[in-house]
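Colleague: One structure is given below, represented as structure tokens, and several questions about it will come after.
The values are calculated or read from the model by the stated rules, or taken from the named source; none is laboratory data. Just so we're clear, the structure is a prediction, and the values are computed from it rather than from any experiment. Cβ: placed from backbone, ideal geometry, glycine included. Neighbour counts: every protein chain shown.
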Amino acid sequence: MFTGIIEKTAKVVNIEQEGTNFHFTLQCDIAKDLHIDQSFAHDGCCLTVVKIDKQSSTYVVTAMKETMMRTNLGKWQIGDEVNVERSMPQDGRFDGHIVQGHVDTTAVCTKIIDENGSWRYYFTYNDSERVQPTVEKGSICVNGVSLTVVDSQNDMFSVSIIPYTQQHTNFHNFKVGTTVNIEFDVIGKYIARLMQQYMPISK
């Protein structure tokens, strides 16, 4: 389990395809503290560390077909900056919200507003099943970052970013058209699923 509090950003330095799997090599000074089989969130996507080179501060994670289809990993290129977070220790402080590292879908950035001290980012996503809820003042995970929803509609939401988050995550690379990973609040997803099952929404 993760909390959505980004520790560092890692740089993609190599991409290899093997069948339907992709092996990503990333560079980050956290690499020296990792171990094989460790769960490590990348832009909010939980991946397993399969190789480590502490001398070069690099490590390798593997993504299978299902992960590539549901996330923005297929758009990663060498040189890209990725938000990373190690799983939460049992005695850790819970600073964000419950993040499973299981990306629900991707969203596209449609607008960025400079609010003179903060930034407002707007995203749209596919809401065809109407079981992916966002609520104003609720939690959402965008590229692994725990954030509070400002505006909420069926297929759109916005979040506000303070300067620290802007500087220490890959949000500073976002532009209109950027594809991001989204994990909706797990409690909200269970409620939405129950409502869909017992109170079907007419289409």
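Colleague: Given the conditions (1) out of contact with any strand residue (DSSP E or B) (no Cβ under 9 Å at 6 or more places or on another chain); (2) touching a residue at least 12 places away in the same chain (Cβ under 8 Å), which single one is not true for Gln55?
Modeller: Here Gln55 meets the rest and fails (2).
Colleague: Search region 137-164 for residues being without any contact (Cβ under 8 Å) to a residue 60 or more places away in the chain and of a type in the set (Val, Ile, Thr), and hand back the single one that is surrounded by the most Cβ atoms within 10 Å (Cβ to Cβ).
Modeller: Within region 137-164, the match that is surrounded by the most Cβ atoms within 10 Å (Cβ to Cβ) is Ile140.
Colleague: Here's another thing I want to ask about it. Hey, among Thr110, Thr134, which residue is part of a strand (DSSP E or B) and in contact (Cβ under 8 Å) with a residue 24 or more places away in the chain?
Modeller: So the residue among Thr110, Thr134 that is part of a strand (DSSP E or B) and in contact (Cβ under 8 Å) with a residue 24 or more places away in the chain is Thr110.
Colleague: Please determine whether any residue of region 92-108 is among the polar types (S, T, N, Q), at pLDDT 95 or above and surrounded by fewer than 19 Cβ atoms within 10 Å (Cβ to Cβ).
Modeller: Scanning region 92-108 turns up no residue that is among the polar types (S, T, N, Q), at pLDDT 95 or above and surrounded by fewer than 19 Cβ atoms within 10 Å (Cβ to Cβ).
Conditions (1) farther than 13 Å from Ile182 by Cα; (2) of a type outside the set (A, V, I, L, M); (3) not assigned by TED's automatic domain parsing to the domain that holds Pro133, marked per residue:
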residue	(1), (2), (3)
Val60	yes, no, yes
Lys65	yes, yes, yes
Thr71	no, yes, yes
Gly74	yes, yes, yes
Ile78	yes, no, yes
Glu81	yes, yes, yes
Gly92	yes, yes, yes
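Colleague: A further question follows. Go through Asp33, Asp43 for me and flag whichever is touching a Lys or Arg at 6+ places or on another chain (Cβ under 9 Å), among the charged types (D, E, K, R) and closer than 29 Å to Val13 by Cα.
Modeller: Being touching a Lys or Arg at 6+ places or on another chain (Cβ under 9 Å), among the charged types (D, E, K, R) and closer than 29 Å to Val13 by Cα holds for just one of Asp33, Asp43, which is Asp33.
Colleague: Can you tell me which condition Asn126 does not meet? The list is (1) within 15 Å of His97 (Cα to Cα); (2) of a type in the set (S, T, N, Q); (3) not in a strand (DSSP E or B), and all the others hold.
Modeller: Asn126 satisfies every listed condition except (1).
Colleague: Take Lys65 and tell me if it is of a type in the set (Lys, Arg) and in contact (Cβ under 8 Å) with a residue 40 or more places away in the chain.
Modeller: It is true that Lys65 is of a type in the set (Lys, Arg) and in contact (Cβ under 8 Å) with a residue 40 or more places away in the chain.
Colleague: Okay, moving on. Which of the residues that make up region 48-83 are surrounded by 15 or more Cβ atoms within 10 Å (Cβ to Cβ), part of a strand (DSSP E or B) and more than 14 Å from the chain's Cα centre (by Cα)?
Modeller: Val49, Ile52, Thr58, Tyr59, Val60, Val61, Thr62, Ala63
Colleague: Another question about this same structure. Would you call Gly144 of a type in the set (Gly, Ala, Ser) and over 28 Å from Thr48 (Cα atoms)?
Modeller: Spelling it out, it is not the case that Gly144 is of a type in the set (Gly, Ala, Ser) and over 28 Å from Thr48 (Cα atoms).
Colleague: State all residues of region 77-101 that are within 20 Å of Asn170 (Cβ to Cβ) and of a type in the set (D, E, K, R); if no residue qualifies, say none.
Modeller: Hits for region 77-101 are Asp80, Glu81, Glu85, Arg86, Asp95.
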